[in-house]
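These notes concern the structure reproduced below.
The values are calculated or read from the model by the stated rules, or taken from the named source; none is laboratory data. The structure presented is a predicted model; accordingly, all values stated were derived computationally and were not measured. Neighbour counts run over all protein chains shown; Cβ positions are idealised from the backbone, glycine included. We work out accessible area using only protein heavy atoms, side chains counted, and drop any ligands, DNA or RNA first. Shrake-Rupley method; radii C 1.70, N 1.55, O 1.52, S 1.80 Å.
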Amino acid sequence: MRKRRKDIRFFCVFAIFYRQISTIIEDLFMPTNFVFRFEKANLFIPFQMPNKRQRQAAVNRQTTPEDARRSSVIARMEKIKDQLQIPEYVEENQPRVWLEESYDLGDLVFAVLDIPWKAFYEKAQSLLEQYKDYEMAIRTDLLTQVDWRHYQPPQPEKESHEPSFKKWFPLNLFTRPVKKSSAQETPAATEGTSNRTPRTIAQGLAAPEQTAYCQVAQLYDDVKHSLADYPAMAALLAHYCTNAASDYYLQAIKTLDMTRLTDLDRSIMEQNGFLKVLHHEIYWCNALVQCSECVERYMKSFPTPDFLMKSYAGMDDRELCAASVTVLKMIAEQFRLLADFQPELASLVQYTLVEADLHPDKSADQRYGDALLVRHSGVAAGQKLYEQLRLRMLGRLSLPQEKASSRRHPDIASRSYFVADNLPAVAMAEFVQLCSQHETARKCQHCGMLFLSKNTGAKCCNRKSPNGGLRTCREVRKEERASEREVPPPVDVLNKVNKRMNGRLARSLGMTTERRASILKSWRKEVKPLVQEATDHPETFDEEAFDAQLCEIFNRVRQEEAAAERRGQEEASKKRRWKRKG
């Protein structure tokens, strides 16, 4: 009975705790935010633990290696669920249970410096200009800015064929009417969507160079491939690009929520006809949510469409193009911020991390303090981004290797996380963390890019992209140095014989390390003139004969050494006998 009361009390503590932070998690930890934390030399990025339905959906669709690794972690957590004090906690609190992925520090900073963000931004802007007529604006201010109490509905010229409130789902009525152009507008202003020939999703996939969602997926794929050497930046950008648009429309639905209206407000809307307008806008929000999810899934599986897009293949793709424009606008904004912050961060890294490597008398942390004092050109924007970070608590499910005795609660660990609205702020936070840990950076001698010089003798980085994605700069440099350092054939034969004889001596009974080194040293000293002579006359060099000659000399040196050792033992025994007689 006492144990049962303890379990109930334990569960109540968690219930109260998570009731307090549930609103924070729902409102703050959205896909449009970047959540992260630092611990020693690692960057930790949390991801939400999916429920059973989401896990089954992940099995049905195509998964990346990253998804497979996450699934293995979740499977491990499911196995230990029965060992927790409250076994049903994991399943009942799925929306508030998070896991973590760790990355090495430096990925975000060097990704900002190395990737051509300006070129990607210009490409996104050109696509926005090309597909601007596909945009469908959502009026999220209908309940706040519009005077709906005095709404006067327009008089329709003919009977309206708008979809009713009951036909929101399934999503098969993509027929949003085009706004009619006024008399003041020129015909060129109404081209695009109004004069566009209806096209199905299957027809759009067949002509990807003319389709908005194919071009957006292609742009994202190019960015993803350029981030192959920067997994932390790739993870943050992937989570943002493949969730931000659908989250934007979901937030719009929350803004237009009619459940918060009073009965009086609802009756006023029914009388003046504004309720139909609100229903119409919510309908399109729901339609665009599904289209955004369809586009985001296509971005993950590009160039092959997943089963959701294949199931919509016969439908009109106007809403899909509208969702693609929303995705593109959000991606372009992040690219713009990264492109603007790139030169400022480069100057800061040069002033602190690079100079600390060239002149170790002052650490990077001290140099960053000097940059703040002298108001360095890159400090103003970076410090403003760093001050915008918010600190929040997030309940995270503990991993099996963590000790329960080190936590207040044995099953759940609450961690402090930074929350940022943009990627430059995350990169600035990592830069400050690098300075606080006294890291240094230097240029790679192969590709010329900066890398963290954790090893004082390191001269090349571990990037693969400069070498076609096959080998790292360090591996390429090592091979180049090996090819430059050609070994003459006689020296090569000498090294092979030395290795063979060293193993032979090591297997001899009673052979000490000092004695073995002495024998090999005497042998190499005696054969050195022969090796030099064979190197000077390569035209008369015979590898087999030279090998046999070296082995013969080794055997002679070994016999002489053994004879000298026997003479020494005999002399030592004689001295001992003389001492006994004396």
Return the total of residues in segment 444-475 being more than 25 Å from A346 (Cβ to Cβ) and modelled with pLDDT of 85 or more.
2
Determine whether R390 is within 25 Å of A245 (Cβ to Cβ), open to solvent by 30 Å² or more (accessible area, probe 1.4 Å) and either modelled with pLDDT of 90 or more or of a type in the set (S, T, Y) (or both).
no
Condition check for V289: β-branched (V, I, T) and touching a Leu at 6+ places or on another chain (Cβ under 9 Å):
yes
When (1) within 30 Å of V109 (Cβ to Cβ); (2) open to solvent by 40 Å² or more (accessible area, probe 1.4 Å); (3) not in a helix (DSSP H, G or I) are applied to P198, the one that fails is (1)
Kindly indicate whether A356 is open to solvent by less than 10 Å² (accessible area, probe 1.4 Å), of a type outside the set (S, T, N, Q) and assigned to a helix (DSSP H, G or I).
yes
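Tell me which residues, restricted to segment 217-276, are aliphatic (A, V, I, L, M), outside any helix (DSSP H, G or I) and over 29 Å from V325 (Cβ atoms). Steps first, please.
Of all residues in segment 217-276, those aliphatic (A, V, I, L, M) come to 217, 219, 223, 227-228, 232-238, 244-245, 250, 252-253, 256, 258, 261, 264, 268-269, 275.
Filter once more, so that each one left must be outside any helix (DSSP H, G or I): 227-228, 256, 261.
Hit for segment 217-276 is L261, nothing else.
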For segment 334-376, which positions are farther than 25 Å from A234 by Cβ, in contact with a Cys (Cβ under 8 Å, 6 or more places away or on another chain) and aliphatic (A, V, I, L, M)?
A364
Taking the condition of being loosely packed, with under 15 Cβ neighbours inside 10 Å and either under 55 Å from the mean Cα position of the chain (by Cα) or outside any helix (DSSP H, G or I) (or both), how many residues in segment 516-531 meet it?
3
Residues within segment 448-482 that are of a type in the set (A, V, I, L, M, F, W, C), out of contact with any His (no Cβ under 9 Å at 6 or more places or on another chain) and buried (at least 19 other Cβ atoms within 10 Å of the Cβ), tallied
3
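Matching residues to (1) touching a Phe, Trp or Tyr at 6+ places or on another chain (Cβ under 8 Å); (2) at pLDDT 55 or above; (3) among the small types (G, A, S); (4) open to solvent by 30 Å² or more (accessible area, probe 1.4 Å):
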| site | (1), (2), (3), (4) |
| --- | --- |
| I45 | yes, yes, no, no |
| Q83 | no, no, no, yes |
| D133 | no, yes, no, yes |
| A137 | no, yes, yes, yes |
Among the residues of segment 322-345, is there at least one that is more than 27 Å from V146 (Cα to Cα), in contact with a strand residue (DSSP E or B) (Cβ under 7 Å, 6 or more places away or on another chain) and either acidic (D, E) or open to solvent by less than 20 Å² (accessible area, probe 1.4 Å) (or both)?
no
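Identify all residues within segment 232-263 that are under 12 Å from T140 (Cβ atoms) and open to solvent by 60 Å² or more (accessible area, probe 1.4 Å); write none if there are none.
Start the filter on segment 232-263 by keeping residues that are under 12 Å from T140 (Cβ atoms), which leaves 248-257.
Those that are under 12 Å from T140 (Cβ atoms) and open to solvent by 60 Å² or more (accessible area, probe 1.4 Å): Y248, L250, K254.
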So for segment 451-465 (the condition being assigned to a helix (DSSP H, G or I) and touching a residue at least 24 places away in the same chain (Cβ under 8 Å)), does at least one residue qualify?
yes
With respect to the numbered conditions (1) at pLDDT below 70; (2) closer than 30 Å to Y103 by Cα; (3) among the aromatic types (F, W, Y), which one is the sole condition not fulfilled by Y248?
(1)
Residue check for V289: of a type outside the set (G, A, S), open to solvent by less than 10 Å² (accessible area, probe 1.4 Å) and assigned to a helix (DSSP H, G or I):
no
Run down D306, D361 and say which single residue is among the charged types (D, E, K, R) and touching a helix residue (DSSP H, G or I) at 6+ places or on another chain (Cβ under 7 Å).
D306
